[in-house]
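S.K.: What follows is a structure written as structure tokens; I'll ask about it next.
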Amino acid sequence: MLSYASGPSSLPLLGETIGDNLRRTVERHGESEALVVPHQQYRATYRQLWEQTSLVARGLIARGVRRGDRVGIWSPNRFEWVVTQYATARIGAILVNINPAYRTSELEYALGQSGVSFLILARAFRQADYVRMLREVKGACPELREALVLEDGWGSLLRDGRGVSDEALAAIESVLQFDDPINIQYTSGTTGFPKGATLSHHNILNNGFFIGETVKYTPEDRVCIPVPFYHCFGMVLGNLACTSHGACIVVPGEAFDADTVLRITEQERCTSLYGVPTMFIAELEHAGFEQHDLSRLRTGIMAGSPCPVEVMKKVQSRMNMREVTICYGMTETSPVSTQSALDDPLEKRVGTVGRVHPHVEVKVIDPEAGAIVGRGESGELCTRGYSVMLGYWNNEAATADAIDIARWMHTGDLATMDDQGYVNIVGRIKDMIIRGGENIYPREIEEFLYGHPDVSDVQVIGVPSERYGEEVMAWVKPREGSAPTTESLEAFCRGRIATNKIPRYWKFVDSFPMTVTGKVQKYLMRQASVEELGLQAAASVTTA
């Protein structure tokens, strides 16, 4: 039996734009709460959200923004981010999501590569002065003709919108096509420049809709979204899954804080909670965890990086999220390709990334030969269907490298598919450790070490070795109040996993280097480890 599966569905794909879909939700659930942002004292029903997106859309028209223009947004999670997402979709402008953690070189690249002509930005975020950084790079971005600082210019944008008629907006909306590009998201590559994954209404609206269907959202659901909007997790799994079902978007803060998330989840009676694994770990280990009433939670999504089985079990039992699901995907696939279902057996819901999404195909192939492998065999996971991006913005070569002639998106992730079609992610092709000719997958060792009572979180990497090519290293975050040692962890491993998988090096840390979306940056861990362990000579060995 080959590792191929396609997602059946009794529901057809949505053949409409994001604006048309939002309009239908407003017609059905206009008085239901749509967006709640406590840190800005902001609340809006669906009817109010529609009116505000109309006003901002008309304001952008007044400022000269046209269909196909790139509108950048550089801001942490605020209500204006959500309004802008829908306003730009309604006029056919392409929203360019800019990472809140970007510094000047990255900002200059994203603005220039995408050709942003209108930028909406926060004044600052944490220690970053956005206005100053923009001033430093603006001269290198000739297409950027206007920048609007939220704290200073949002009101004037709304005033300008009042000068443009509803009829003018409707005329623009009437000619939009659901296959139009609507969003550019820059992938956080570990080497080279980021690539702008270009997504259509059809890509992200349908992905959000079927995610919402899988977790059975209704207008009674209130979804706490602490993950960043600039990433697919926030704006698709979050916003579009909610608005396509009339559920309420609850934004706990500008950025993740475990105490705030727990407090807002209780305060706003949330039924669903999102996060990457490290967020859920932080919430579970928070000193005040037991003081919060999470009894209204029923579901949620854990995604963004490999989800430890033990963490999933605790989220289900201690956080009352009995129907929590795992999603797997990548920005280039809108993003979700597989998801666990609410009625999947418990071991499949906590131990796999589920099965193929509706209207999507997945296969596992031999990375070298390109042939589909048998069930249970490891290989590269590929995805095909409505969800595959239009391509990388102005980068045909990178697009051709990622999407083959048959429109399969090559993920670079190593996976297995079992006889029932459940998928396991066993590592990244480039993360695979080759020690003395033996392939070692970090994910396998990480899952094993999560079972140690003193381990809160762990990341496994390969570091250079003159003798073996690579050696295994584990970065361990101890559980609060615990003090694991190298000796205790090695003893835990001995006899339970193969000797060549036992880490040669151990490092105890309080945190890992991470992207703003919660992805651990293993390449930075490798760089630091080479320096600390004095492995420069081994690292300089040239290989074929």
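The values are calculated or read from the model by the stated rules, or taken from the named source; none is laboratory data. Bear in mind the structure is a predicted one, so any value in this text is a computation, not a measurement. Virtual Cβ from ideal backbone geometry, glycine too; neighbours counted across all protein chains shown. Surface areas here come from the heavy atoms of the whole protein model, side chains and all, with no ligands, DNA or RNA. Shrake-Rupley method; radii C 1.70, N 1.55, O 1.52, S 1.80 Å.
S.K.: How far, in degrees from 0 to 90, does helix 522-533 lean away from the longest principal axis of the Cα atoms of the chain, to the nearest 10?
M.R.: Helix 522-533 and the main axis of the chain meet at about 40 degrees.
S.K.: Please give the charge dipole size of the chain, origin at the Cα centre, charges +1 on K and R Cβ atoms and -1 on D and E Cβ atoms. Round to the nearest 20 debye.
M.R.: Its charge dipole is roughly 520 debye.
S.K.: Taking the 0 to 90 degree range and rounding to the nearest ten, how far is the long axis of helix 150-161 tilted relative to the main principal axis of the chain, both from C-alpha atoms?
M.R.: 40
S.K.: Sticking with this structure for a sec: Suppose only helical runs count, i.e. DSSP H with n ≥ 4. What mean residue ellipticity at 222 nm does that imply for the chain under -39500 (n - 2.57) per run, divided by all residues and rounded to the nearest 500 deg cm²/dmol?
M.R.: Mean residue ellipticity at 222 nm (helix-derived): -9000 deg cm²/dmol.
S.K.: Set Lys and Arg Cβ to +1 and Asp and Glu Cβ to -1, take the dipole of segment 328-392 about its Cα centre, and tell me which of Ala371, His359, Val388 lies farthest positive.
M.R.: Of the candidates, His359 comes out farthest on the positive side.
S.K.: List the residues whose amide H sits under 5 Å from the amide H of Gly412, counting only those 5 or more places along or on another chain, with H placed 1.01 Å from N in the peptide plane.
M.R.: Amide H neighbours of Gly412: Leu381.
S.K.: Continuing with the same structure: Roughly how many Å² of Thr218 are accessible to a 1.4 Å probe, to the nearest 10?
M.R.: Here the accessible area works out near 60 Å².
S.K.: At q = 0.23, 0.24, 0.31 Å⁻¹, work out log10 I(q)/I(0) for segment 396-439 with the Debye formula, treating every Cα as an identical point scatterer and leaving solvent out; two decimals please.
M.R.: The computed values of log10 I(q)/I(0) come out as -0.89, -0.91, -1.00.
S.K.: Return one whole number: the accessible area per residue of the chain in Å², for a 1.4 Å probe.
M.R.: Ligands and nucleic acids excluded, the figure is 39 Å² per residue.
S.K.: Give the Rg (one decimal place) followed by the Dmax (whole number) of segment 105-232, computed from C-alpha coordinates and expressed in Å.
M.R.: 17.9, 49
S.K.: While we're here: In whole angstrom, how long is each semi-axis of the equivalent ellipsoid of the chain, when you take the square root of 5 times every eigenvalue of its Cα gyration tensor and sort them from largest down?
M.R.: Listed largest to smallest, the semi-axes of the chain are 38, 26, 24 Å.
S.K.: Using alpha carbon coordinates only, what is the Rg to Rh ratio of segment 280-337, with Rh defined as the Kirkwood radius?
M.R.: Result: Rg/Rh = 1.03.
S.K.: How far apart, in nm, are two points set 7 Å out from the Cα along the Cα-to-Cβ line at Ser9 and at Val541?
M.R.: Distance between the two pseudo-spin positions: 4.9 nm.
S.K.: Now a separate question. Could you give the dipole magnitude of segment 102-178 about its Cα centre, charging the beta-carbon of Lys and Arg +1 and that of Asp and Glu -1, in debye to the nearest 20?
M.R.: 320
S.K.: Report the per residue volume, in Å³, of the convex hull enclosing the C-alpha atoms of segment 461-544.
M.R.: So the per-residue Cα hull volume is 131 Å³.
S.K.: Taking R0 as 60 Å, what's the FRET efficiency between Glu377 and Arg135 from their Cβ-Cβ distance, rounded to 0.05?
M.R.: Once the sixth-power term is evaluated, E becomes 0.65.
S.K.: Then there is this: Quick one: check the C-alpha center-to-center distance for segment 513-530 versus segment 344-368, whole angstrom.
M.R.: After rounding, the separation between the Cα centres reads 26 Å.
S.K.: Return the distance in nm (one decimal) between the two label points of a simple spin-label model at Gln527 and Glu146, each offset 7 Å from Cα along Cα→Cβ.
M.R.: Each label point lies 7 Å from its Cα, and together they span 3.8 nm.
S.K.: Under the Karplus relation 6.51 cos²θ - 1.76 cosθ + 1.60, θ = phi - 60°, what is the ordered set of whole-Hz ³J(HN,Hα) values for segment 322-331, x standing for Gly and Pro?
M.R.: 4, 9, 5, 10, 9, 10, 10, x, 8, 3
S.K.: Given the alpha-carbon gyration tensor of segment 1-134, what are the semi-axes of its equivalent ellipsoid in whole angstrom, ordered largest first, with each equal to the square root of 5 times an eigenvalue?
M.R.: Semi-axes from the Cα gyration tensor: 28, 23, 17 Å.
S.K.: Tell me, what HN-Hα J-couplings in whole Hz come from the Karplus equation 6.51 cos²θ - 1.76 cosθ + 1.60 at θ = phi - 60° for each residue of segment 250-258, using x for Gly and Pro?
M.R.: 10, 9, x, x, 5, 8, 5, 8, 4
S.K.: Using amide H atoms built 1.01 Å from N in the peptide plane, name the residues 5+ places from Gly72, or on other chains, whose amide H lies under 5 Å from its own.
M.R.: Val96, Ser117, Phe118, Leu119, Ile120
S.K.: Taking a quarter of the surface of the convex hull around the Cα atoms of segment 447-494, what do you get in nm²?
M.R.: Result: a mean projected hull area of 3.7 nm².
S.K.: For segment 254-360, just the Cα atoms, rotate onto the principal axes and tell me the three extents in Å, largest first.
M.R.: Principal extents (Cα only, largest first): 41, 31, 22 Å.
S.K.: While we're looking at this one, here's another question. Cα convex hull of segment 184-303: mean projected area in nm², to one decimal?
M.R.: Across all orientations, segment 184-303 yields a mean hull projection of 7.9 nm².
S.K.: Would you mind computing Rg(Cα) / (2.2 N^0.38 Å) for segment 127-192, counting N as its residues?
M.R.: Against the compact-globule rule of thumb, the ratio is 1.59.
S.K.: Quick one: net charge of Cys232's neighbours, Cβ under 15 Å, K/R +1, D/E -1?
M.R.: Once all neighbours under 15 Å are counted, the net charge is +1.
S.K.: Counting C-alpha atoms alone, how compact is segment 55-150: give Rg to one decimal and Dmax as a whole number, in angstrom.
M.R.: Every Cα atom of segment 55-150 included, Rg and Dmax give 12.3, 35 Å.
S.K.: Counting residues in segment 193-241 as N, plug N into 2.2 N^0.38 Å and put the Cα Rg over that result.
M.R.: 1.23
S.K.: What does the accessible area of Met432 come to, in Å² to the nearest 10, when a probe of 1.4 Å is used?
M.R.: 40
S.K.: Using 0.36 nm times the number of residues separating Phe289 and Gln177, minus their current alpha carbon distance, what extension gain do you get?
M.R.: Computed gain between Phe289 and Gln177 is 35.6 nm.
S.K.: With every protein chain present, what accessible area does Tyr42 have (1.4 Å probe, heavy atoms only), rounded to the nearest 10 Å²?
M.R.: 20
S.K.: Continuing with the same structure: Normalising by the residue count of the chain, find the relative contact order in percent from Cα pairs under 8 Å and 6+ residues apart.
M.R.: Once divided by the residue count of the chain, the mean separation gives 13 percent.
S.K.: Per the Kirkwood definition applied to all pairs of different Cα atoms, how many angstroms is the hydrodynamic radius of segment 23-86?
M.R.: One decimal place: 12.8 Å for the Kirkwood radius.
S.K.: Also, I was wondering about something else. Report for the chain the percent antiparallel among DSSP-assigned beta bridges with both residues inside it, nearest 5.
M.R.: 60
S.K.: While we're on this one: When the accessible area of segment 11-135 is computed with all protein chains present and a 1.4 Å probe, what percentage of it is carbon and sulfur?
M.R.: Carbon and sulfur together cover 46 percent of it.
S.K.: From a point 7 Å beyond the Cα of Gln127 in the direction of its Cβ, which residues of segment 246-278 have a backbone N at a distance under 12 Å?
M.R.: Within reach of a label on Gln127: no residues.
S.K.: Given a 1.4 Å probe and heavy atoms of the protein chains only, how would you sort Lys522, Lys477, largest accessible area at the top?
M.R.: Accessible-area ranking of Lys522, Lys477, largest first: Lys477, Lys522.
S.K.: Let me ask another. On the protein heavy atoms, probe 1.4 angstrom, tell me the percent of accessible surface of segment 364-451 carried by carbon and sulfur.
M.R.: Within segment 364-451, the accessible surface is 48 percent carbon and sulfur.
S.K.: From the phi angles alone, apply the Karplus equation (6.51, -1.76, 1.60; θ = phi - 60°) to segment 222-231 and give each ³J(HN,Hα) in whole Hz, x where the residue is Gly or Pro.
M.R.: Result, rounded to whole Hz: 10, 10, 7, 10, x, 7, x, 5, 5, 9.
S.K.: Counting only residues 5 or more places away or on other chains, whose amide H sits under 5 Å from the amide H of Arg222 once H atoms are built in the peptide plane?
M.R.: Those lying under 5 Å, H to H, from Arg222 are Cys248, Thr271, Ser272.
S.K.: State the volume of the convex hull built on the alpha-carbon positions of segment 1-59, expressed per residue in Å³ and rounded to an integer.
M.R.: Enclosed volume per residue, from the Cα hull, is 182 Å³.
S.K.: OK, next. Keeping the other protein chains in place, figure out the carbon and sulfur percent of the accessible area of segment 251-337, with a 1.4 Å probe.
M.R.: Percent of accessible area from carbon and sulfur atoms in segment 251-337: 46.
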